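First the structure, in the form of structure tokens, and then the observations on it.
The values are calculated or read from the model by the stated rules, or taken from the named source; none is laboratory data. Since this is a predicted model, take the numbers as computed values, not measurements. Ideal geometry is used to build each Cβ from the backbone, glycine not excepted, and the neighbour counts take in all protein chains shown.
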Amino acid sequence: MTLNAFNPSVEKHAPVMDDTSYGMTLKDAEKNLILKTWKKNKGDVKKTSEILGISETELREKLTAYSKEGADLAWLLTARPKTLLLACAGILTGAAPALREDNLNIPVLLLSLLTAVLLQSISNFCNDYGDSVKELDENRIGPKRAIHLNLITRNELKTMIVILCAVTAAVGVILLYTAFGTERPVDLWCFLILGALSIAAAVAYTVGQKPYGYIGLGDISVFLFFGLLAVEGSYYLHTGKLSASVFLPASAVGIMCMSVLNINNMRDRTTDAQKHRVTLPILLGERLSVVYHILITLLPSVIFFLYLSQNFYSSAFYVIPLLSVLFLPDLVSLARNSRAFNYNRALGRVSALTLLTSVVFFGFQLSEKMQ
């Protein structure tokens with residue numbers, strides 16, 4: 001039995017049961033079937049959706065609407081777990097050369113990862129809040145947001161943003177004290193300013209009178225904050241110095257994160273244009289957006305190759321530039337027909353491969369140190 005049995009046309013002609021008959025309406029039966037199947041499969045959304053015969057997106061929406069677990073899932077979906085993992089890429093990439101120099105500080109690494117995840121959470125929550133206020137996501141192509149399903153109110157979301165900002169600031173202060181103590185006040189104050197700017201940038205991306213995410217500045221902001229600041233900042237927290245050579249992997253990670261944003265913006269190009277939201281795919285047009293995406297997808301591999309060769313890394317590390325081969329099927333599909341391209345699937349893949357690159361880079365460095 002699949003969930004397709006509960007489509008509107010069936011429900012329209014089906015007798016409605018109430019408490020005096022079987023004590024369950026058709027909607028209640030659908031709800032029970034969804035929850036029992038989901039729990040039986042231990043929360044595996046993919047497997048549950050296949051059994052019920054509906055998409056993963058539709059299943060998440062129904063879970064959010066029907067269950068206590070779903071209410072918690074609403075906040076989880078608003079946080080967008082895939083992008084939270086993506087936020088860790090720059091931190092791990094910056095920590096890898098610090099590890100090579102025997103300067104890795106484990107508490108600093110863990111606090112840096114937590115701070116990055118919190119900053120990305122602020123950005124995601126603000127994105128949903130700003131888009132809701134400006135009614136930009138009403139006809140979105142991607143998964144519907146919890147706020148647009150009336151599962152989270154604007155006031156609740158606004159309150160959570162304030163809480164997240166406060167928690168992030170507190171964790172950031174602990175991180176800086178752990179890294180610098182009281183012996184390096186200049187570094188401490190410089191990073192406090194950078195931290196405040198990072199929180200402000202996360203909020204201002206989609207919130208306010210003139211959010212910079214709506215005027216075509218999203219790509220450059222992602223490059224700066226997810227790439228240069230995340231990687232160089234992470235390296236500095238461990239070593240107390242900047243490195244010209246670390247600029248290369250910082251640029252590579254920043255460009256990979258730009259690729260994630262570009263996939264998202266290409267998917268939403270039509271609806272964004274209707275709402276007068278300016279993104280790079282709108283400025284470039286359909287064909288040039290495809291060319292641009294192919295370039296920023298493959299360029300990081302070239303940059304990583306240059307970095308590895310200049311710094312005399314062992315041959316094992318050269319698997320990192322080769323990871324770009326995994327992008328080729330999607331790039332070919334995108335080049336052939338960008339309108340029929342599965343952007344949602346590609347978005348997950350690009351995010352996962354960006355994180356994988358940083359994990360492999362850090363993991364190989366750790367393996368070498370343990371030998």
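Regarding Arg349, is this residue surrounded by 12 or more Cβ atoms within 10 Å (Cβ to Cβ) and of a type in the set (Lys, Arg)? Lay out the reasoning, then the answer.
Values: surrounded by 12 or more Cβ atoms within 10 Å (Cβ to Cβ): yes; of a type in the set (Lys, Arg): yes.
So Arg349 passes the test.
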| request: Scan Ser289, Ser301, Ser333, Ser309 and give me the residue that is modelled with pLDDT of 85 or more, assigned to a helix (DSSP H, G or I) and under 18 Å from Gly218 (Cβ atoms). | output: Ser289
| From the list Leu248, Leu237, Leu194, which residue is surrounded by fewer than 22 Cβ atoms within 10 Å (Cβ to Cβ), over 27 Å from Asn344 (Cβ atoms) and touching a helix residue (DSSP H, G or I) at 6+ places or on another chain (Cβ under 6 Å)? | Leu248
| Going by the conditions given, is Val16 part of a helix (DSSP H, G or I), in contact with a helix residue (DSSP H, G or I) (Cβ under 9 Å, 6 or more places away or on another chain), among the β-branched types (Val, Ile, Thr) and at pLDDT below 75? | no
| query | Take the residues of the range 269-286 that are outside any helix (DSSP H, G or I) and either modelled with pLDDT under 85 or among the aliphatic types (A, V, I, L, M) (or both): which is surrounded by the fewest Cβ atoms within 10 Å (Cβ to Cβ)? | reply | His276
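Can you confirm whether Lys82 is charged (D, E, K, R), closer than 23 Å to Pro249 by Cβ, assigned to a helix (DSSP H, G or I) and modelled with pLDDT under 80? Can you show your working first?
Working: charged (D, E, K, R): yes; closer than 23 Å to Pro249 by Cβ: yes; assigned to a helix (DSSP H, G or I): yes; modelled with pLDDT under 80: yes.
The answer is yes for Lys82.
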| request: Return only the number of the condition from (1) touching a helix residue (DSSP H, G or I) at 6+ places or on another chain (Cβ under 6 Å); (2) of a type outside the set (Ser, Thr, Tyr); (3) modelled with pLDDT under 90 that Ile263 does not satisfy. | output: (3)
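Examine the range 327-342 for a residue that is hydrophobic (A, V, I, L, M, F, W, C) and under 22 Å from Gly90 (Cβ atoms), and state whether such a residue exists. Break it down into steps so the answer makes sense when it comes.
To start, the set of residues in the range 327-342 that are hydrophobic (A, V, I, L, M, F, W, C) comprises 327-328, 331-332, 334-335, 340-341.
Checking the rest, the ones that are also under 22 Å from Gly90 (Cβ atoms) come to 327.
There is at least one residue in the range 327-342 that is hydrophobic (A, V, I, L, M, F, W, C) and under 22 Å from Gly90 (Cβ atoms).
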| said: Condition (residue is among the polar types (S, T, N, Q), closer than 22 Å to Gly227 by Cβ, modelled with pLDDT under 90 and not in a helix (DSSP H, G or I)) applied to the range 349-359: is it met by at least one residue? | reply: no
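Going through Gly181, Gly227 one at a time, which residue ends up being closer than 19 Å to Leu110 by Cα and surrounded by fewer than 19 Cβ atoms within 10 Å (Cβ to Cβ)? Steps first, answer last, please.
On the way: Gly227 fails: surrounded by fewer than 19 Cβ atoms within 10 Å (Cβ to Cβ).
Only one candidate passes the filter, namely Gly181.
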